[in-house]
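Following: one structure in structure tokens, then a few remarks.
What follows draws every value from the coordinates through simple rules; no lab data is involved. Computed from a predicted model, the values in this text were never measured in an experiment. Reconstructed Cβ throughout: ideal geometry from the backbone, glycine too, with neighbour counts over all protein chains shown.
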Amino acid sequence: MAAVLVFRHVPHEMLGTVATALAGAGLGYQYVDLFYCQEIPRRRELERSAGLVVLGGPMNVEETDKYPFLAPEVQQLREAVAADLPVLGICLGAQLLAKALDAAVTANPVKEIGWYPVQFTAQAAADPLLADCGHAATVFQWHGDAFALPSGAVHLARSKACENQAFRCGSSAYGLQFHLEMTADMIEDWLGNPDNRCELAKLHYIDPLAIRRQTPQNLPLMQALGARVFERFASMCQRRAERLRSGGRP
């Protein structure tokens, strides 16, 4: 069965609970480690995949001189949407997806790092991934930039500090600014990462100890939400993989 491609920008950002959902759907996945200068798959390989997940990272979408893989990655995202591939962009991945769809990505007025409430829009209630997920949730965030909504996209979530927290383009391309994929080990790893610790030391309004205190209360509820969302995304990928296996149009 066709696998899901996963674009990864830094070693410590992983699939987390997305991997659990893919395994439950009988799907494998393949990391494409762009930080190791691993070549981005060509369009034909992309079209033979079951889906695409684009993970987060500390870079800005415009830092193509420092991170030359960003430009071809944006082009691949554009082609993935055109091919109606199931796409899930998380944090930086959502920003790259928005850029691929000609929407602006700019600095958010404040950085959201830690646990924050988001509100789901009325459109989310009928969305294939977010239906029955309620009106609001407390989710894990780690971002300083934000995306504008691409033309024709469906606005799915917002927060007090960031109006555009999630969107859908077409039937199966999603951008999520927040990190539903987190596990307790991942949160601790991110908080202990040397580069992340330097970032936090410069932000007087972010308290790592408070994030740790809030995690036991907030993580189980978020993981339940993430399981629902990712299982639905995995089902999209599974249907595509089955069409590919049967020789039909993906």
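Things to note:
- Tally, over the stretch 194-250, of residues that are among the small types (Gly, Ala, Ser) and buried (at least 18 other Cβ atoms within 10 Å of the Cβ): 3
- The stretch 208-250, residues that are part of a loop (DSSP other than H, G, I, E, B) and in contact (Cβ under 8 Å) with a residue 40 or more places away in the chain: PRO250
- Filtered residue count, the stretch 191-206, keeping only those that are under 21 Å from the mean Cα position of the chain (by Cα) and aliphatic (A, V, I, L, M): 1
- If you filter the stretch 6-21 down to residues that are out of contact with any Gly (no Cβ under 7 Å at 6 or more places or on another chain) and assigned to a helix (DSSP H, G or I), you find that the one that is surrounded by the fewest Cβ atoms within 10 Å (Cβ to Cβ) is THR20.
- Of the set (1) closer than 19 Å to ILE90 by Cα; (2) small (Gly, Ala, Ser); (3) crowded, with 19+ Cβ neighbours inside 10 Å, all apply to ALA3 but (3).
- Residue match in the stretch 118-130 (condition: more than 13 Å from ARG168 (Cα to Cα), assigned to a strand (DSSP E or B) and touching a residue at least 60 places away in the same chain (Cβ under 8 Å)): yes
- Residues satisfying the stated conditions in the stretch 40-71, i.e. among the small types (Gly, Ala, Ser) and either touching a strand residue (DSSP E or B) at 6+ places or on another chain (Cβ under 7 Å) or touching a residue at least 60 places away in the same chain (Cβ under 8 Å) (or both): SER49, ALA50, GLY51, GLY56
- Residue list for the stretch 177-187, restricted to those being among the acidic types (Asp, Glu) and surrounded by fewer than 24 Cβ atoms within 10 Å (Cβ to Cβ): ASP185
- In the stretch 189-207, the residues that are touching a residue at least 24 places away in the same chain (Cβ under 8 Å), outside any loop (DSSP other than H, G, I, E, B) and within 20 Å of THR138 (Cβ to Cβ): TRP190, LEU200
- Condition met for PHE167 (in contact with a Gly (Cβ under 6 Å, 6 or more places away or on another chain) and assigned to a strand (DSSP E or B)): yes
- Residue list for the stretch 170-188, filter: in contact (Cβ under 8 Å) with a residue 60 or more places away in the chain and assigned to a helix (DSSP H, G or I): MET186
- Scanning the stretch 160-176 for residues that are more than 16 Å from ALA82 (Cα to Cα) and crowded, with 21+ Cβ neighbours inside 10 Å yields CYS162, ASN164, GLN165, ALA166, PHE167, LEU176.
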